[in-house]
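A short worksheet on the structure shown next.
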Amino acid sequence: MLLIVKKHPALLLAISFLWLKTYIVYQLSFNLSGSHLVQQLLLFINPLSFLVFYIGLAYFVSVNRRNRIIFILSLVYSIILYVNAVYYRFFTDFITVPVLFQTKNAGDIGNSLYELVYAADVLFFADTVLLYMLLKKPFFQAAIVTTKTRRMVMMTGAVLLALQLSLAETQRPQLLTRTFDRHLLVKNLGTFNYHLYDILLYSKSSMKSAFASNVDADEMKKQAKDDPVNNPKLFGAAKGKNLIVVSLESTQSFVIDYKVNGQEVTPFLNKLARSSYYFPNFYHQTGQGKTSDAEFITDNSLYPLPRGAVFQTHALNEYKATPEILKEKGYYSAVFHGNDKSFWNRDIMYQTLGYDHYFSEEYYDRSEEDSVNYGLKDIPFVEQTVPYLKKLPKPFYAKVITLTNHHPYLLNEEDQMIDTFPSSDPIVSRYFTTVRYADEAIKVLFSKLKKARLYKNSVIVIYGDHYGISERHEEGLAQILKREDGVLTPFDHVQLQRVPLFIHVPGKKGKQIKTIGGQIDLKPTLLHLLGINLKGDYHFGTDLFSKKREELAVFRDGTVISKDLVYTDESCFTQPSGTETDPALCEPLAAKAQEELDRSDDIIYGDLLRFLVK
Ligand code: GP9
Ligand code: MN
């Protein structure tokens, strides 16, 4: 052992520093704990195989450049690790290749970034500085290495990788073929092996479209839901009406009927829940594409992708989205949003989905005092939107996307209508004030729609796009849910993914509908309301008004919720108690979810809908 240290001091020093640092990051920055001893062992050893290969590359350069290369490799590794940690602070997720292409959004996330970068982060690079100094010491000077040594280093890396993979196989069979859950991948492979694997997946999926053919499309046709379940009572109840769909930024269901210091957080939405159809068990199903994923799911009734935002990665595919279907029935479609038009590649994707027009920020008066955080504040935004709506050709389908209630939940003092929530976590504490502001904006929207005589002729739908407070804010979430022990189970985290859904149908009083569903169900639900039959359409959702529908919500990570069971994080819980039960009970449900996700992915990666165009 001592001999090895003497022969390879610089190599071992760099590897040890990075290994230790990665493990510390696992513990402090990522949520990767495993209960099992083998899982903990895996977590500890998983950075090693990559590091041996990676730092080992320095043995392929000349002696006099070797230590410099070791240092540069360490620095690059540290930067990638750090970027991952910052990304994780916001998204509770790991970076994927498609995310790296989402640079168009970078300019707007300045505020969020400011909240996510801490002064103490300089410590992240403390070992890099130390390494730099030590590598200059005589003890660490490089010596000539033979081909045999190089081979030995690479072999060591290979043996370590094989060992790690076989350990992982005992924990998670078919890890590489079945897993959508990036946390599981990182736990078993390590961050950097995961990145390599992700690059491989990316190249594979890019090739899928090129090789897809009519044969794959025929397979898709065979599996299509040929008999869409609908609800005879409400089918066509809003025939010929306008359709206004509001995407409510970062709004989770727990804010409904919630009070902070005795003040209602959503007074308007609380009332609306009693005067429209309200769905308390409706879940968001978004992945890395956040708002844009919610838009994609609701307009197409397809799942978003396991990696990246489909708005960015597959904007030139063929789809059969709601605007296109409605166009055939004489509808005009438009989107309204007070942000840059290229954010989430919307300008391109909206054309693909068949929208006739996109009213982005350039259509709005955006004075300094009317803007906060990402863009135009919601109240001036809806005030300026309604006159445009009034002028649209009728009937129309309009999507209105709010923005103010967005991380890090910034609001000018004069717009704060309730107290902040008593929490030591500033994000959690500010969240309720921006939700309150968004609620006011919806109230203004409704009153303006009434004044513009649009209210009575329009179905108005409001849905939450995705969570606002991520899992990482465990303590704050426990405070919100009034859990004194501060402990939330995976079952609780699934419940927290509920987002509100309101459907206001002119002439109908509405009621609370407790069916379990998700954003994927909106397309068939709304088109059925407008009296449009979806026979032959490729969608994964079902009509939320139908009594015959199978109650189901599948998340992008394979989590699945049925009436009786919740499968998440490889565990099985009974509904509604949340008691953990035998995982075997959930197996059929988990398999069904996986199969749905796979089929949806095949359609998008293979661009299969193009084979159906007449
Ligand atoms: C940006 C807005 C927010 O235009 O839709 O996007 P998000 O970060 O929530 O996906
Ligand atoms: Mn959003």
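Please specify each residue of the stretch 401-440 satisfying the condition of being away from ligand 2 (no atom under 15 Å from the Cβ) and closer than 22 Å to Y463 by Cβ.
F432, T433, R436, Y437, D439, E440
What residue, of S458, S546, is surrounded by 19 or more Cβ atoms within 10 Å (Cβ to Cβ), farther than 29 Å from Q594 by Cα, of a type in the set (G, A, S) and in contact (Cβ under 8 Å) with a residue 24 or more places away in the chain?
S458
Give the residue, chosen from L488, L477, L527, L534, that is under 28 Å from F381 (Cβ atoms) and either in a strand (DSSP E or B) or of a type in the set (A, V, I, L, M) (or both).
After ruling out the rest, the residue left standing is L527.
Find the residue count for the stretch 523-574, including only residues that are of a type outside the set (V, I, T) and in contact with a Phe, Trp or Tyr (Cβ under 6 Å, 6 or more places away or on another chain).
Residues meeting the conditions: 5.
Of the residues G338, G308, G330, G354, which single one is farther than 22 Å from S203 by Cα and in contact with a Pro (Cβ under 6 Å, 6 or more places away or on another chain)?
Matching residue, one of G338, G308, G330, G354: G354.
For the stretch 283-325, which residues satisfy the criterion of being within 16 Å of ligand 1 (Cβ to nearest atom) and outside any helix (DSSP H, G or I)?
Within the stretch 283-325, H284, Q285, T286, G287, Q288, G289, P304, L305, R307, G308, A309, A315 qualify.
Taking the conditions exactly as written (surrounded by fewer than 21 Cβ atoms within 10 Å (Cβ to Cβ), out of contact with any Leu (no Cβ under 6 Å at 6 or more places or on another chain) and of a type in the set (V, I, T)), does T559 satisfy them or not?
Judged against the criteria, T559 is not a match.
Determine, yes or no, whether K241 is among the basic types (K, R), surrounded by fewer than 20 Cβ atoms within 10 Å (Cβ to Cβ) and assigned by TED's automatic domain parsing to the domain that holds I460.
no
Which condition number in (1) modelled with pLDDT of 95 or more; (2) surrounded by fewer than 21 Cβ atoms within 10 Å (Cβ to Cβ) is the one that S49 fails?
(2)
Can you tell me which residues in the stretch 319-342 are at pLDDT 95 or above and of a type in the set (D, E)?
E324, E328
Only one residue in I480, I520, I503, I516 is surrounded by 18 or more Cβ atoms within 10 Å (Cβ to Cβ), closer than 21 Å to R599 by Cβ and out of contact with any Lys or Arg (no Cβ under 8 Å at 6 or more places or on another chain), so which one is that?
One residue alone meets the criteria, I520.
Quick check on the stretch 145-168. Is at least one of its residues modelled with pLDDT under 85 and out of contact with any strand residue (DSSP E or B) (no Cβ under 7 Å at 6 or more places or on another chain)?
No, there is no match, as no residue in the stretch 145-168 is modelled with pLDDT under 85 and out of contact with any strand residue (DSSP E or B) (no Cβ under 7 Å at 6 or more places or on another chain).
Just one of (1) part of a helix (DSSP H, G or I); (2) more than 16 Å from ligand 1 (Cβ to nearest atom) trips up R346, so point out which.
With (1) part of a helix (DSSP H, G or I); (2) more than 16 Å from ligand 1 (Cβ to nearest atom) applied to R346, the lone miss is (2).
Hey, could you check the stretch 271-282 for residues that are outside any loop (DSSP other than H, G, I, E, B) and under 18 Å from Q252 (Cβ atoms) and say which is nearest to ligand 2 (Cβ to nearest atom)?
By that ranking, first place goes to F282.
Out of curiosity, is S247 at pLDDT 80 or above, within 16 Å of ligand 1 (Cβ to nearest atom) and not in a loop (DSSP other than H, G, I, E, B)?
yes
Only one of these conditions is not met by H539: (1) assigned to a loop (DSSP other than H, G, I, E, B); (2) under 22 Å from the mean Cα position of the chain (by Cα); (3) free of Cβ contacts under 8 Å to residues at least 60 places away in the same chain. Which number is it?
Single failed check for H539: (3).
Which of the residues belonging to the stretch 373-401 are aliphatic (A, V, I, L, M), surrounded by fewer than 21 Cβ atoms within 10 Å (Cβ to Cβ) and over 28 Å from K320 (Cα atoms)?
I379 - this is the single residue of the stretch 373-401 that is aliphatic (A, V, I, L, M), surrounded by fewer than 21 Cβ atoms within 10 Å (Cβ to Cβ) and over 28 Å from K320 (Cα atoms).
For the stretch 283-323, what are the residues that are touching a strand residue (DSSP E or B) at 6+ places or on another chain (Cβ under 8 Å) and away from ligand 2 (no atom under 16 Å from the Cβ)?
Y303, T322, P323 - these are the residues of the stretch 283-323 that are touching a strand residue (DSSP E or B) at 6+ places or on another chain (Cβ under 8 Å) and away from ligand 2 (no atom under 16 Å from the Cβ).
The values are calculated or read from the model by the stated rules, or taken from the named source; none is laboratory data. Just so it is clear, the structure is predicted and the values come from calculations on it, not from any experiment. Using ideal geometry, Cβ is built from the backbone for each residue, glycine included, and neighbour counts are taken over all protein chains shown.
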